[in-house]
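For reference, the structure discussed in these notes is given below.
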Amino acid sequence: MKLAFGALLGALSLVPLAAASRVGPEPHRSPHVAARWEQRRAITRLLHRGVPLYCGNDRGNAVALTFDDGPGPYTEQILSLLRDAGARATFFLVGSRLRDWPAAAHEEALLGAVGNHTWSHPHLPSLPRWLVWLELARTQWAEATDTGSPPRLFRPPYEQRSPMTDGVARSFGLLQVLWSVDSADDTHHAQARRVARNVLAGLRPGAIVLLHDIHPWTLEALPRILTAIRLRGLRAVTVPELVALQPPGLAQRCSPTPSGGH
């Protein structure tokens with residue numbers, strides 16, 4: 001694999017970031033910064049459990065919309081819909097796509113949160129450990145360059161994991177985030193009304209919803225999803241906000257819906 005020298009140096013520089021991500025005692029902060037600090041602490045606590053996150057608890061009104069595989073041609077329109085609805089979301093980005101949409105990660109971080117979805121969206125368990133490390137490292141570097149800080153969240157492509165890939169993710173201080181509601185927007189013959197129906201069927205406090213921001217039918221379904229969130233008295237937050245507001249118990253009481261090829 002050919003890498004630009006600067007990109008390689010950037011990736012290598014991320015080795016100590018996992019250790020640096022440990023959160024110490026909280027100093028006196030403004031309310032906004034204090035909230036961010038508590039989100040970091042919540043992520044760190046979940047990292048110590050060593051298991052993926054599927055949902056938050058149901059003692060609240062927060063849900064987390066997540067968008068995979070971007071950025072893409074519909075990202076800006078999705079951001080606009082979210083802004084208009086006063087909603088926040090989490091975007092799991094494919095690092096190589098940032099070259100085509102260089103402003104996307106910064107805009108997404110301003111509206112919500114961004115996460116690592118690898119550099120090229122490969123089947124990670126089939127790769128050697130060093131290449132899994134590189135897939136994550138390049139994306140950590142690219143997103144940190146665009147947003148000012150490396151992501152703390154990771155979603156494995158196709159929901160494929162192994163003890164080896166889990167270990168690599170932990171070495172970067174990344175919390176693996178899966179989902180409790182699958183919109184099935186990346187399945188064959190997906191349609192907007194089906195996508196919305198799939199989401200609404202599982203929409204409840206603490207839910208983490210899987211969507212993709214590279215499909216036009218997802219964009220078409222989003223207004224109905226956002227309306228349902230409002231009418232049900234729920235609010236769309238980021239994954240870090242969800243785990244700080246409604247942290248999952250030791251036994252997460254949510255069953256992930258069947259998944260396709262994510």
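The values are calculated or read from the model by the stated rules, or taken from the named source; none is laboratory data. The shown structure was predicted, so the numbers you read here are calculated from the model rather than taken from an experiment. Glycine gets a Cβ as well: all are built from the backbone with ideal geometry, and neighbour counts include every protein chain shown. We work out accessible area using only protein heavy atoms, side chains counted, and drop any ligands, DNA or RNA first. Shrake-Rupley method; radii C 1.70, N 1.55, O 1.52, S 1.80 Å.
At-a-glance table
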| read-out | value |
| --- | --- |
| Segment Ala103-Leu250, extension gain: residue separation times 0.36 nm, minus the distance between their alpha carbons | 49.1 nm |
| Leu82 accessible area, assembled protein chains, probe 1.4 Å, Å² | 0 |
| Fraction of accessible area attributable to carbon and sulfur, region 121-195 (%, probe 1.4 Å) | 55 |
| Region 121-172 - convex hull of alpha carbons, volume per residue in Å³ | 71 |
| Accessible area per residue, Å², region 30-165 with all protein chains present, probe 1.4 Å | 42 |
| Net +/- balance of residues flanking Leu82 in space, Cβ distance below 10 Å, scoring K and R +1, D and E -1 | 0 |
| Inter-label distance for Glu220 and Gln191, nm, one decimal - labels placed 7 Å from Cα along Cα-to-Cβ | 0.9 |
| Separation between Cα centres of region 144-188 and region 68-85, rounded to whole Å | 19 |
